[in-house]
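Before any comments, here is the structure.
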């Protein structure tokens, strides 16, 4: 039997952290979830004012489903943003040095897990799917933290600066080489 307290507990223990992760990582409130939150509260209010126990249960179950949808949407936003950050770091670092193979394998493994969870979600978006997305986000966060600790927090930015520095050096060497060749050809 679902109670209003169960719905509020779910909101505080699941929705608030997922929403917080999406806001912090994406730097904006995910407006798409507002309708789900409004719908959840509508179902809670309907339940609260009903005398029919069966109807109350239907409404509270519907409220939990909407809140679960909020979690899923927020977690997917957080995963997408954090994955892009890790991918940029890996790409930037890969241009200047060879990362240990386990980073490439781990990131590929995370991508495969994301694909599988998305397939599972298309069949049934239950609490297991929410937990799977939370685990994926935790793995991505761990990878981000390990890359930052092992290669420095500014690794990708430093790698990109290094890449542009090398390109500039190559350009300057190319100009100097063509100037030297021109001078030699003019002397002959």
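Annotations for the structure displayed:
Residue by residue, here is whether (1) within 18 Å of the chain's Cα centre (by Cα); (2) at pLDDT below 95; (3) outside any helix (DSSP H, G or I); (4) surrounded by 10 or more Cβ atoms within 10 Å (Cβ to Cβ) holds:
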{"site": "137", "(1), (2), (3), (4)": "yes, no, no, yes"}
{"site": "145", "(1), (2), (3), (4)": "yes, yes, no, yes"}
{"site": "158", "(1), (2), (3), (4)": "no, yes, no, yes"}
{"site": "163", "(1), (2), (3), (4)": "no, yes, no, yes"}
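- Test: residue in region 90-107 that is assigned to a helix (DSSP H, G or I), at pLDDT 90 or above, closer than 30 Å to residue 13 by Cα and under 24 Å from the mean Cα position of the chain (by Cα): yes
- Residues that are touching a helix residue (DSSP H, G or I) at 6+ places or on another chain (Cβ under 6 Å) and touching a residue at least 24 places away in the same chain (Cβ under 8 Å) within region 46-63 comprise 47, 60, 63, listed in sequence order.
- Some residue of region 45-68 being within 19 Å of the chain's Cα centre (by Cα) and either part of a helix (DSSP H, G or I) or farther than 30 Å from residue 146 by Cα (or both): yes
- Inspection of region 111-126 finds no residue satisfying the criterion of being outside any helix (DSSP H, G or I) and at pLDDT below 70.
- Flag if residue 18 is surrounded by 13 or more Cβ atoms within 10 Å (Cβ to Cβ), closer than 17 Å to residue 126 by Cα, in contact with a helix residue (DSSP H, G or I) (Cβ under 8 Å, 6 or more places away or on another chain) and without any contact (Cβ under 8 Å) to a residue 24 or more places away in the chain: no
- When every residue of region 23-45 is checked against the conditions, at least one turns out to be surrounded by 15 or more Cβ atoms within 10 Å (Cβ to Cβ), under 20 Å from residue 140 (Cα atoms) and free of Cβ contacts under 8 Å to residues at least 12 places away in the same chain.
The values are calculated or read from the model by the stated rules, or taken from the named source; none is laboratory data. Model, not experiment: these values are computed from the prediction. Note that each Cβ is placed from the backbone with ideal geometry, even for glycine, and that neighbours are counted across all protein chains shown.
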